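Student: Before I ask anything, here is the structure I am working with.
The values are calculated or read from the model by the stated rules, or taken from the named source; none is laboratory data. This is a predicted model, so every value here is computed, not measured. Cβ placement follows ideal geometry from the backbone for every residue including glycine, while neighbour counts extend to all protein chains displayed.
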Amino acid sequence: MDFGLAPAEAEYLESMQRFFDTWFPEKDGLPFGEGVSGHSPSGAYLDDEFHAWIQLEHHYNEQLSDAGFRGADWPVEYGGGGRSSLDQWLLMEEQCYRHLPNGDITIRSVSRALMQFGSDAQKRELLPLILRGEVLFSVAYTEPDAGSDLASLRTRAVRDGEDYLVTGQKIYTTFAQRATHIWLAVRTGTEESRHRGISVLIVPVDTPGVTIQNLPVQGGEKTNEVFFDGTRVPAANLVGNENEGWAAITAALAHERMQMHSDVTRLVEYLARWLRALPSDMEPGRQEWADRELASLAADLEVGRLLALQTVVLMDEGVTPISEAASAKIWLTELRLRLVSVALDLIAALGRDCTRDRDELARFEDAYLYAPVRRFAGGTNQVLRSVVAQRGLGLPRS
């Protein structure tokens, strides 16, 4: 079976690589931006300082748009390129490998739900701004008392004339500190209505009554708590119909499920490069151990690539890859943690305490601190294992 790219896809990938090599080249085998303030050396995250630098100094979104890459998989009628989900995945993989912003959730996910469920006025106002990178959404689903059970959320929106009054709290609201708008899941029905009583509101972050507080995360990442204290939101900002927001949420999640493996690829390459530079007089047993560990990681990485690719192919076939995307996410995040653990063991056992060894040790220590975050961000692996069991394998709830 051929798992390679079709000629048209390979040509598209080559055009991306030429673009990034021209405008965002690597230096000494390191990705663009390495060492820039706010950039993690492991590529684990890109925070505010890096985003500000790349937007102001390099006009990143404008360059992507001029090259025809931003919104490449959007429908043509909304200003996109009409390309496939696979093409979009290839772009995001290339960005991820180069430690560049790789398709924020606004253009990947929220925009697609907006196209399907938004009003004509919402689409006219927001979609062009999203395409230009002038509007950035943060998704506010998770709550302190609801956790991964989204259907039990309690943040409430009560209709008051031409507005909704919103009261409640969200947590782990990534990028809220630099977003322009919040894609907010609220309860408009009774608590017993579960997912049938949820609505989605579009809330500008500068709306009175919205408070955003930074919540530091292990490994240096930033997320947020967001509080709504009688926040008045125009009813015109309701996405779709009241109490029918679950459909818009699941539509957004369907396009959020693309999994990238190329940041893990970069870490495997770092480890392989370090091992190749070790002295040739290493004890045979230790050399075999290092070779075996690296081969195992490389094989598991290829499995992760194929699992991620499967989700994208299903999306292009019109199938929502629920269990498949969960499988890819579990595999790649668990692999990342195992990879950095193996790397630290190898460096500790085989390193000679030279500057190069200390640099690599710092790189993988950084990645080790952040790896556990990946296991719960975007859905905890424990919950996703239940999704695979029930939705993928048809097993009963326990």
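Student: Within segment 139-188, take every residue that is of a type in the set (K, R) and over 22 Å from N381 (Cα atoms) and give me the one that is surrounded by the fewest Cβ atoms within 10 Å (Cβ to Cβ). Give the derivation first.
Tutor: Taking segment 139-188 first, the residues of a type in the set (K, R) are 154, 156, 159, 170, 178, 187.
Those left that are additionally over 22 Å from N381 (Cα atoms): 154, 156, 159, 178, 187.
Working: R154: 14, R156: 17, R159: 12, R178: 15, R187: 23.
Checking each candidate, the answer is R159.
This table checks each residue for (1) within 18 Å of the chain's Cα centre (by Cα); (2) at pLDDT 85 or above; (3) of a type outside the set (G, A, S).
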site	(1), (2), (3)
S40	yes, no, no
L46	yes, no, yes
H59	no, yes, yes
S65	no, yes, no
V76	no, yes, yes
G80	no, yes, no
R83	no, yes, yes
E93	yes, yes, yes
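Student: Do you know which of the residues in segment 366-391 that are loosely packed, with under 15 Cβ neighbours inside 10 Å and either closer than 24 Å to E283 by Cα or touching a helix residue (DSSP H, G or I) at 6+ places or on another chain (Cβ under 7 Å) (or both) is modelled with the highest pLDDT?
Tutor: Ranking the candidates gives R385 first.
Student: Okay, moving on. Among the residues of segment 263-302, what is the count of those that are surrounded by 13 or more Cβ atoms within 10 Å (Cβ to Cβ) and either among the hydrophobic types (A, V, I, L, M, F, W, C) or modelled with pLDDT under 90 (or both)?
Tutor: Residues flagged as surrounded by 13 or more Cβ atoms within 10 Å (Cβ to Cβ) and either among the hydrophobic types (A, V, I, L, M, F, W, C) or modelled with pLDDT under 90 (or both) within segment 263-302 amount to 18.
Student: Okay, next question. Restricting attention to segment 349-357, does a residue exist that is of a type outside the set (S, T, Y) and in contact with a Ser or Thr (Cβ under 6 Å, 6 or more places away or on another chain)? Explain how you work it out, then say what you get.
Tutor: Residues of segment 349-357 that are of a type outside the set (S, T, Y), as a first pass: 349-354, 356-357.
The next check asks that each one be in contact with a Ser or Thr (Cβ under 6 Å, 6 or more places away or on another chain); those that pass are none.
No: segment 349-357 contains no residue that is of a type outside the set (S, T, Y) and in contact with a Ser or Thr (Cβ under 6 Å, 6 or more places away or on another chain).
The rows are residues; the columns are (1) of a type in the set (S, T, N, Q); (2) modelled with pLDDT of 85 or more; (3) touching a helix residue (DSSP H, G or I) at 6+ places or on another chain (Cβ under 6 Å); (4) surrounded by fewer than 17 Cβ atoms within 10 Å (Cβ to Cβ).
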| site | (1), (2), (3), (4) |
| --- | --- |
| E334 | no, yes, no, yes |
| S341 | yes, yes, no, yes |
| D345 | no, yes, no, yes |
| C354 | no, no, no, yes |
| E360 | no, no, yes, no |
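Student: Whether any residue in segment 308-322 is among the small types (G, A, S), exposed (fewer than 14 other Cβ atoms within 10 Å of the Cβ) and in a helix (DSSP H, G or I) is what I want to check. Before you say what the answer is, go through the steps one by one.
Tutor: We begin by selecting, within segment 308-322, every residue among the small types (G, A, S); these are 308, 318.
Filter once more, keeping what is exposed (fewer than 14 other Cβ atoms within 10 Å of the Cβ): 318.
From what's left, in a helix (DSSP H, G or I): none.
Checked segment 308-322: no residue is among the small types (G, A, S), exposed (fewer than 14 other Cβ atoms within 10 Å of the Cβ) and in a helix (DSSP H, G or I).
Student: Only residues in segment 118-130 that are over 18 Å from I249 (Cα atoms) and touching a residue at least 60 places away in the same chain (Cβ under 8 Å) count as the first member; pair them with residues that are of a type outside the set (K, R) and part of a helix (DSSP H, G or I), Cβ under 8 angstrom, at least 6 apart or cross-chain, and list the lot.
Tutor: Close Cβ pairs satisfying both conditions: A121/A236.
Student: Can you name every residue in segment 345-389 that is in contact (Cβ under 8 Å) with a residue 60 or more places away in the chain, among the polar types (S, T, N, Q) and not in a loop (DSSP other than H, G, I, E, B)?
Tutor: Once the filter is applied, which keeps residues that are in contact (Cβ under 8 Å) with a residue 60 or more places away in the chain, among the polar types (S, T, N, Q) and not in a loop (DSSP other than H, G, I, E, B), segment 345-389 yields nothing.
Student: Restricting to segment 65-94, name every residue that is on the phi < 0 side of the Ramachandran plot and without any contact (Cβ under 8 Å) to a residue 12 or more places away in the chain.
Tutor: Filtering segment 65-94 down to residues on the phi < 0 side of the Ramachandran plot leaves 65-67, 69-70, 72-78, 80-81, 83-94.
Correct list: D66, V76, E77.
Student: Moving on. Restricting the search to segment 186-241, which residues are in a loop (DSSP other than H, G, I, E, B), in contact (Cβ under 8 Å) with a residue 60 or more places away in the chain and out of contact with any Phe, Trp or Tyr (no Cβ under 9 Å at 6 or more places or on another chain)?
Tutor: Taking segment 186-241 first, the residues in a loop (DSSP other than H, G, I, E, B) are 188-190, 205-209, 217-221, 240-241.
Still in the list and also in contact (Cβ under 8 Å) with a residue 60 or more places away in the chain: 205, 217-221, 240.
Of everything in segment 186-241, just one residue is in a loop (DSSP other than H, G, I, E, B), in contact (Cβ under 8 Å) with a residue 60 or more places away in the chain and out of contact with any Phe, Trp or Tyr (no Cβ under 9 Å at 6 or more places or on another chain), namely V205.
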